[in-house]
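Only the coordinates and a few stated rules stand behind these numbers; no lab work does. Bear in mind the structure is a predicted one, so any value in this text is a computation, not a measurement. All Cβ positions, even for glycine, are placed from backbone atoms using ideal geometry, and neighbour counts span all protein chains on display.
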Amino acid sequence: MENIENLEQTETGPRHVIQGTYQGTRIEVIAGYSIDADEWRFHVYLHYSQGSTDRLTELPTRHRAGSLQDAFDQGLKLAVSQLKSK
C-alpha cells in the first residue's frame, strides 16, 4: 500500500483491525464479518498527532467488501485518498 509505514494487523477475532501510519497520521481500519449478508463491513478512522480522530465511514457503515483483505485494502485506500486531499 502506498507509503503506509508500520502496517500491521493488531486484532483478530470478531473484529479485525489493521493499523499503519501515513504522513504522520495513524490509519485504523476495523472490519467484521456479517454472516447475514455474507460480507465484510468496515470502518476507517484517522488518528491525528494532536489527539483528534476522524471517522471516515458512517454508522451503521455502508462500506462492504467480499473478503477481509479487500476490506483492509479499500479502507486504507479511502484513508490515503482523504489525507492526500487535505
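Scan segment 22-41 and tell me whether some residue there is outside any strand (DSSP E or B) and touching a residue at least 60 places away in the same chain (Cβ under 8 Å).
Yes: one or more hits.
The residue of segment 54-86 that is surrounded by the most Cβ atoms within 10 Å (Cβ to Cβ), among those that are among the hydroxyl-bearing types (S, T, Y) and out of contact with any Gly (no Cβ under 9 Å at 6 or more places or on another chain), is T61.
Evaluate the following for L83: is it in contact (Cβ under 8 Å) with a residue 60 or more places away in the chain and in contact with a Leu (Cβ under 8 Å, 6 or more places away or on another chain)? Taking the combined requirement at face value, the residue satisfies it. Out of everything in segment 7-21 that is in contact with an Asp or Glu (Cβ under 8 Å, 6 or more places away or on another chain) and in contact (Cβ under 8 Å) with a residue 40 or more places away in the chain, what residue ends up being surrounded by the most Cβ atoms within 10 Å (Cβ to Cβ)? Restricting to residues being in contact with an Asp or Glu (Cβ under 8 Å, 6 or more places away or on another chain) and in contact (Cβ under 8 Å) with a residue 40 or more places away in the chain, the top hit is I18. Would you check which residues across segment 62-85 are assigned to a loop (DSSP other than H, G, I, E, B) and more than 12 Å from the chain's Cα centre (by Cα) and list them? Within segment 62-85, R62, G66, S67, S85 qualify.
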